Amino acid sequence: MKSSNSEQLKDNRGKINIVKAEAFATPMPFIKPFTMAKGTITHSENVCIRLEDQEGRVGWGECYNVPVIYGRGYKEIHQALTTYLLPAIVGIDPLEIGKINYILDGALPGSLDAKSGIDMAVYDLLGKQLEVPVYKLLGGKHTDTIPVIAESPIAPPEEVVEMARKDIEKGHKYYKLKLGGNWKEDIERVRAVREAVGDSIIIKGDANANYTRDTALKVISALENVNMQYFEQPLKQYDFAGCAWLAERVNTPISADEDVQTVHDAFKVISMQSASNIVIKLLKHGGLYRSSQIASMCETVGVPISVSSGTETSLGRAALLHFYAANPSSVGAMEIAEMLSDDLVDENERIYVKPTLKVPEGHGLGVNVNEQKIEQYKVQI
């Protein structure tokens, strides 16, 4: 019986190593500025990673950051990748994903944003080698269809209401409001949206770590009757004790985003009961491998996770869809904001924001990067 390509690859794993690793800074303008509690952003800070094996297969990944939140942009990420991280994985077998993450930590501490792009590219390359979608490498999918939450930036209440109405008319069942500015206006805009969209729509709020304890208590207490699914990151990053204090005093569940970057952070949130939900973003945790470790811990103790994107192109969105589908502890809708004015994949593969999305079924991540787009947007560092 003739062996399949996948079987041949499994029999000769030692010969399928990474032989070339490149990074391209590809910032891209937004459709319009997006305002959060920490500031207004106008473009992405993305970097793409290209890995090639000795038989010419290519795996793609991307990473990004948001300087007003995490203090790093594409220049810092690109430097970490090209100086320390990418040289360290040339000659390594993509199947050894745990080993690769160990090597990356030895090459450079921290820099989880940069490591997330490498991790994504490794999974994409391995999926293409084995001719399977990434979700199978993550353990198999638990769902085919994923709901998507629509989102509004900080804006006057009447503008937020109009945005919400348009998104609900498109079929969205979940809505998220960026908060954390003027706390009285925050209360007003959440109440206005609830009145406009009705009780059947699931609403979340996100203060992006911009409230004091007293302000958070006032805001969430005033909004208890709005029946929000979660209130995300009300207090400054790593105020675990403050969030535990707050969670004891309100009925609305608290969700941890900026608080959780590592497995250790997730353990602290769970053990201190500072949140009832943990937000997974690949850039925060270092990619699919480490995000899966956090998700497994959450599943073990019954803490649901929410899967969220930032300024990814369809490449990163595809990775998030695979991750959501492969993790039974994923709850509610995946967060994707339609920010970018363009994409790095062909138009027929572009993943637009819709009320629901399907998990890509192609090999690897299931989307193909258009290298002409890389050339169009890449900047020299």
query: Before we move on, is G180 among the small types (G, A, S), buried (at least 21 other Cβ atoms within 10 Å of the Cβ) and on the phi > 0 side of the Ramachandran plot?
result: yes
query: Going by the structure shown, is V58 of a type outside the set (K, R), surrounded by fewer than 21 Cβ atoms within 10 Å (Cβ to Cβ) and in contact (Cβ under 8 Å) with a residue 60 or more places away in the chain?
result: yes
task: Would you check which residues across the range 61-80 are in a loop (DSSP other than H, G, I, E, B) and surrounded by fewer than 17 Cβ atoms within 10 Å (Cβ to Cβ) and list them?
output: G71
statement: Being in the same structural domain as P153 (by TED's automatic domain parsing) and within 17 Å of S116 (Cβ to Cβ) narrows S341, S314 down to just S314
- line: Filtering the range 359-381 down to residues that are farther than 23 Å from D119 by Cβ and either of a type in the set (F, W, Y) or not in a loop (DSSP other than H, G, I, E, B) (or both) yields Q372, E375, Q376, V379
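Kindly indicate whether any position in the range 315-325 is surrounded by fewer than 22 Cβ atoms within 10 Å (Cβ to Cβ) and either in contact (Cβ under 8 Å) with a residue 60 or more places away in the chain or among the small types (G, A, S) (or both). It would help to see each step written out before you state the result.
The initial filter retains those residues of the range 315-325 that are surrounded by fewer than 22 Cβ atoms within 10 Å (Cβ to Cβ), namely none.
So far as the range 315-325 goes, no, none of its residues is surrounded by fewer than 22 Cβ atoms within 10 Å (Cβ to Cβ) and either in contact (Cβ under 8 Å) with a residue 60 or more places away in the chain or among the small types (G, A, S) (or both).
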Number of the condition not met by P147 [criteria: (1) in contact with an Asp or Glu (Cβ under 9 Å, 6 or more places away or on another chain); (2) under 26 Å from G332 (Cα atoms)]: (1)
query: In the range 328-358, which residues are under 21 Å from V134 (Cα atoms) and in a helix (DSSP H, G or I)?
result: N348, E349
- request: Out of S291, S306, S296, report the one residue that is under 24 Å from D167 (Cβ atoms) and not acidic (D, E).
  value: S306
- prompt: Among the residues of the range 340-355, is any surrounded by fewer than 17 Cβ atoms within 10 Å (Cβ to Cβ), of a type in the set (S, T, Y) and within 24 Å of T40 (Cβ to Cβ)?
  reply: yes
statement: For the range 282-316 the number of residues that are in a helix (DSSP H, G or I) and farther than 16 Å from K141 by Cα is 14
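The values are calculated or read from the model by the stated rules, or taken from the named source; none is laboratory data. Note that the structure is predicted; figures quoted are calculated from it, not measured. Neighbour counts are summed over all protein chains in view; Cβ atoms, including those assigned to glycine, are modelled from backbone coordinates with ideal geometry.
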